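Reviewing the structure listed below.
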Amino acid sequence: MKAQRIDGKAISDQIKEEAALEAQELQRQGITPCLAVVLVGNDPASMVYVNNKKKACEKVGILSRSYELPEDTEEKDLLALVEQLNMDNSVHGVLVQLPLPPQIDEEKVILAVDPKKDVDCFHPLNVGLLHTGQKGFLPCTPAGVLELIERSGHTIEGKRCVVIG
């Protein structure tokens with residue numbers, strides 16, 4: 001069986017160009033798309049992920065608000081910040097980076113994020129919409145993989161996959 005390569009970088013660039021055009025159209029309508037990213041603590045992998053999100057937002061014209069909280073943040077303080085972001089009409093998406101420190105109940109935080117702003121698709125309402133095939137947020141990684149496959153024109157039936165990079 002001949003290996004087929006998918007150029008993820010080229011497809012990623014194409015998607016970013018499309019996102020930039022969508023962001024420009026929203027701005028013409030007086031809407032500045034905004035993602036709020038919350039990081040609690042200093043987990044190295046989480047810090048890299050959050051920084052990449054900020055760079056991607058900047059590249060496509062989405063405002064990124066970053067909330068970097070100390071490791072010893074109390075659950076009530078994080079929940080208060082999530083509620084503040086939920087109520088802020090200028091924030092369109094909220095991403096609370098997991099894992100959270102042990103003193104914070106991740107389930108409470110997931111439930112606290114407004115499902116209409118839950119870009120991770122972690123809230124049970126969004127998981128239910130996904131499960132029943134209804135419109136809503138999609139989990140980023142699986143959605144990205146499906147975009148790569150669809151845009152590359154490959155079919156996946158009967159194939160094996162290796163991810164590099």
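What the table shows:
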item	result
Residues that are assigned to a helix (DSSP H, G or I) and either of a type in the set (Phe, Trp, Tyr) or loosely packed, with under 14 Cβ neighbours inside 10 Å (or both), drawn from the stretch 131-144	131, 140, 141, 142, 143
Pairs with Cβ under 6 Å, 6+ apart, first in the stretch 16-44 and of a type in the set (Gly, Ala, Ser), second part of a helix (DSSP H, G or I)	19/60; 20/60; 23/60; 36/85
Residue check for residue 68: part of a strand (DSSP E or B), modelled with pLDDT of 95 or more and either closer than 23 Å to residue 114 by Cβ or aliphatic (A, V, I, L, M) (or both)	yes
Residue match in the stretch 110-130 (condition: among the acidic types (Asp, Glu), touching a helix residue (DSSP H, G or I) at 6+ places or on another chain (Cβ under 6 Å) and assigned to a loop (DSSP other than H, G, I, E, B))	yes
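Per-residue answers, yes or no, for (1) hydroxyl-bearing (Ser, Thr, Tyr); (2) under 28 Å from residue 107 (Cβ atoms); (3) outside any helix (DSSP H, G or I); (4) in contact with a strand residue (DSSP E or B) (Cβ under 6 Å, 6 or more places away or on another chain):
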site: 14; (1), (2), (3), (4): no, no, no, no
site: 17; (1), (2), (3), (4): no, no, no, no
site: 49; (1), (2), (3), (4): yes, yes, no, no
site: 95; (1), (2), (3), (4): no, yes, yes, yes
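The values are calculated or read from the model by the stated rules, or taken from the named source; none is laboratory data. Note that the structure is predicted; figures quoted are calculated from it, not measured. Heads up, the Cβs are rebuilt from the backbone with ideal geometry, glycines too, and the neighbour counts pull from every protein chain shown.
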